[in-house]
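Below is one structure, written out as C-alpha cells; comments come after it.
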Amino acid sequence: MITFENVRKVYPDGFEALKGIHMTVAKGELVTLIGPSGCGKTTTMKMVNRLIEPTEGKILINGEDIAHKNPVELRREIGYVIQQIGLLPHMTISKNVSLIPKLKGWAKEKYQKRVDELLDLVGLDPTVYRDRYPAELSGGQQQRVGVARALAAEPPIILMDEPFSALDPITREQLQDELIRLQQEIQKTIVFVTHDIREALKISTKIAIMKDGEIVQTGEPNQIVKEPKNEFVKSFIGDEHSGSVCDGSRMSSYK
Ligand SMILES: Nc1ncnc2c1ncn2[C@@H]1O[C@H](COP(=O)(O)OP(=O)(O)OP(=O)(O)O)[C@@H](O)[C@H]1O
Ligand SMILES: [Mg+2]
C-alpha cells in the first residue's frame, strides 16, 4: 500500500537526514518507526502526506507516485497525529475533530455523532469536553483529541508521530489496545512513531528500527527480539525483553 523507494532527504542546510529508505507497508499493517532522537522518523513520516518532499527517490501509495497527487486531496485521505498535537486554538474540540469530515461534505448530524463517538473512544466525556477550547484541556487530553481528529474521517492511512507520549500509563495502554483493535478489525494501515520499545513490541505488526537516517532492521516484533541484527538493535531492545511471551507476531507480555 505504501512503498518507499530509495528515499533520500537532504535539508537545505546540507544535512542528510535520510540516506536511502526502502520500506513497504502492506494494507492493514501497523508499522512502527523507532530509533534515537534525530534519526529521521518524523522526516520519513511527513513524506507520506507530502509535508516534506524527498530529495531523491519516491513514495507510492497503491502503486501511484504521490508526487503526482494533489497534496490537499492526499492529506484528506490520511489521518495525521503530529508530534506537537497541533489543535487549532480558536476552535472548540468538536470543531477540531470534525474538521476533515466537514471538508469532505459529511452531513452535520453524521459528523456530530462521530465527534461524540470518538471523544468517548479516547476517554473524554463528550458532554464535558466537546465545547471547550484546546487551552482548557491538559496536555494529555489534547493529545487524545489529536488522536480522535486523525480517526475522524475514517481515512485508510493513519500517521501517528508519538501520539501517546504525554499520556499516563493507563490511558496509554487503553489507547494502544484500541489502536490494535482498529488495525485488526477495520484494516487501517498505520505508520506509528515511538521512542518506547515496549509500545512498539506491543502494537506493531512490523517494526523498523532506524539510526542516522537509515533503517537498520525491519521485522515482526518476535523476529526483532529473537534475531537482533547487530549490537545497536540488541541494546535498543534491552535485556528485559529477551524472555517476553509471543502472541502471534506481537509480544503480549513482558518479563
Ligand atoms: N528543516 C530542517 N533543516 C535541517 N535539518 C533538519 C530539519 N528538520 C529536521 N532536521 C534534522 O534532520 C534529522 C532528523 O529529524 P527528524 O525530525 O526526522 O528526527 P526524529 O527521528 O523524528 O527525532 P525525534 O525523535 O527527536 O522526534 C535531525 O538531525 C534534525 O535535526
Ligand atoms: Mg520526531
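The values are calculated or read from the model by the stated rules, or taken from the named source; none is laboratory data. Just so we're clear, the structure is a prediction, and the values are computed from it rather than from any experiment. Quick reminder, even Gly has a Cβ in these numbers, built from the backbone with ideal geometry, and neighbours come from all protein chains shown.
Of all residue pairs spaced 6 or more apart or on separate chains, those with beta-carbon atoms under 6 Å, a first member in the range 132-161 that is at negative phi and at pLDDT 90 or above and a second member that is within 16 Å of ligand 1 (Cβ to nearest atom) and assigned to a loop (DSSP other than H, G, I, E, B) are ASP161/GLN83.
With the requirement that a residue be surrounded by 15 or more Cβ atoms within 10 Å (Cβ to Cβ), within 16 Å of ligand 2 (Cβ to nearest atom) and of a type outside the set (A, V, I, L, M), what does the range 18-38 give you? Correct list: THR32, GLY35.
For the range 26-47, enumerate the residues that are outside any loop (DSSP other than H, G, I, E, B) and either within 13 Å of ligand 1 (Cβ to nearest atom) or among the acidic types (Asp, Glu) (or both).
Quick first cut of the range 26-47, residues outside any loop (DSSP other than H, G, I, E, B) only: 30-34, 41-47.
THR32, LEU33, ILE34, LYS41, THR42, THR43, THR44, MET45, LYS46, MET47 - these are the residues of the range 26-47 that are outside any loop (DSSP other than H, G, I, E, B) and either within 13 Å of ligand 1 (Cβ to nearest atom) or among the acidic types (Asp, Glu) (or both).
Of the helices (runs of 4 or more DSSP H) contained entirely in the range 88-200, those carrying at least 1 residues that are over 16 Å from the mean Cα position of the chain (by Cα) and hydrophobic (A, V, I, L, M, F, W, C) fall at 93-103, 108-121, 126-129, 169-185.
Taking the criterion of being over 20 Å from VAL191 (Cβ atoms), among the small types (Gly, Ala, Ser) and out of contact with any helix residue (DSSP H, G or I) (no Cβ under 8 Å at 6 or more places or on another chain), the residues of the range 111-153 that qualify are ALA135, SER138, GLY139. Against the conditions (1) free of Cβ contacts under 8 Å to residues at least 24 places away in the same chain; (2) more than 27 Å from LEU33 (Cα to Cα), TYR111 satisfies every one except (1).
Summed over the range 220-230, the residues that are under 19 Å from THR24 (Cα atoms) and in contact with a helix residue (DSSP H, G or I) (Cβ under 9 Å, 6 or more places away or on another chain) give a count of 3.
The set of residues in the range 117-131 that are at pLDDT 95 or above and either more than 16 Å from LEU87 (Cβ to Cβ) or buried (at least 17 other Cβ atoms within 10 Å of the Cβ) (or both) comprises ASP125, PRO126, THR127, VAL128, TYR129, ARG130.
Would you please name the residue that is farthest from ligand 1 (Cβ to nearest atom), looking only at residues in the range 1-25 that are over 21 Å from ILE207 (Cβ atoms) and not in a strand (DSSP E or B)? Across the range 1-25, the extreme among qualifying residues is GLY14.
In this structure, GLY57 does not satisfy being at pLDDT below 95, within 16 Å of ligand 1 (Cβ to nearest atom) and within 18 Å of VAL7 (Cβ to Cβ). Scan the range 39-65 for residues that are in contact with an Asp or Glu (Cβ under 6 Å, 6 or more places away or on another chain), without any contact (Cβ under 8 Å) to a residue 60 or more places away in the chain and either within 16 Å of ligand 2 (Cβ to nearest atom) or on the phi < 0 side of the Ramachandran plot (or both) and the total you get is 1.
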